[in-house]
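Notes for the one structure printed next.
The values are calculated or read from the model by the stated rules, or taken from the named source; none is laboratory data. Small disclaimer: the values here were computed from a predicted structure and weren't measured. FYI the Cβ positions are ideal-geometry reconstructions off the backbone, even for glycines, and counts take in every protein chain you see. For accessibility, only protein heavy atoms count, side chains too; no ligands or nucleic acids. Shrake-Rupley method; radii C 1.70, N 1.55, O 1.52, S 1.80 Å.
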Amino acid sequence: MASELSPLTLETGLPEEKGPPLPQSSQETINTIVHYYRGEMGRMAGWRDRIDRTSNWAITVVAAMLSVSLSTPTSHHGVLLFAMLLISLLLLIEARRYRFFDVYRARVRQLERGYFAQVLAPDGVPSAKWSTSIATSLRKPIFLMSYKDAVCRRLQRNYCWMYLILLLAWALKISSSKMSMAGEFLGPVHSWSDLFENTALGPLPGSIVLIFVALFYGLILYGSFRREEREGELAHGQVHV
């Protein structure tokens with residue numbers, strides 16, 4: 001019986017052997033750098049595409065839920081609350097993807113600043129700091145930003161506006177005149193008791209729902225105005241993704 005193949009790992013028990021030959025000339029080194037740059041660009045673009053897809057899903061969800069909630073006066077305001085939960089789930093997924101994208105984007109930018117910029121217009125003495133940094137990242141890849149920073153960054157870029165639109169739509173929904181399922185007008189909202197009655201969600205009274213929404217948007221407001229301790233992607237220029 002053939003022995004089972006061991007899984008592919010970074011560390012094996014095989015004896016040390018001579019690896020593939022390294023570049024022996026400057027031309028081979030340049031070709032290696034160019035091909036590596038193309039590979040990192042491909043990985044960065046792949047993760048960028050995943051991020052854009054998540055944002056597109058979020059925009060689609062917001063548009064669909066707004067259409068369902070505001071199309072008829074009898075639709076429940078809970079549809080908009082459910083939309084907020086869906087958007088939050090997509091935000092968390094996008095933040096995770098953004099952390100991976102940030103690693104490959106940083107490698108690409110280091111190559112561009114440290115090598116290609118020097119080739120096009122030499123500035124000072126060439127430094128190996130950028131290549132050492134990339135080599136360290138290749139040997140032991142680590143995230144360059146925390147999950148919290150990634151959530152806040154994506155919130156500031158796209159999601160804060162989606163949350164704002166949902167909040168305005170929800171405020172319009174709960175402050176509008178109540179309608180019965182048969183389409184009968186039940187009277188306008190004139191007092192806090194009427195507002196609490198409109199915001200009730202199943203067994204939860206309206207006051208509890210308002211408190212939860214206020215706390216949730218307080219967290220959104222904090223993330224939208226939070227500033228990172230370091231310059232991050234804006235440390236070298238004003239262009240970011």
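The set of residues in region 50-64 that are open to solvent by 30 Å² or more (accessible area, probe 1.4 Å) and in contact with a Lys or Arg (Cβ under 8 Å, 6 or more places away or on another chain) contains only 50. Give the residues of region 65-74 that are open to solvent by less than 60 Å² (accessible area, probe 1.4 Å) and either within 17 Å of residue 167 (Cβ to Cβ) or touching a Phe, Trp or Tyr at 6+ places or on another chain (Cβ under 9 Å) (or both), sorted by residue number. Within region 65-74, 65, 66, 69 meet the criteria.
Summed over region 146-159, residues that are open to solvent by 20 Å² or more (accessible area, probe 1.4 Å) and touching a Phe, Trp or Tyr at 6+ places or on another chain (Cβ under 9 Å) total 2.
Of everything in region 160-186 that is modelled with pLDDT of 90 or more and open to solvent by 80 Å² or more (accessible area, probe 1.4 Å), the residue that is farthest from residue 211 (Cα to Cα) is 161.
The number of residues in region 75-95 that are open to solvent by 50 Å² or more (accessible area, probe 1.4 Å) and either within 19 Å of residue 199 (Cβ to Cβ) or touching a Cys at 6+ places or on another chain (Cβ under 7 Å) (or both) comes to 3.
Checked against the criterion of being among the small types (Gly, Ala, Ser) and under 22 Å from the mean Cα position of the chain (by Cα), region 19-31 has no qualifying residue.
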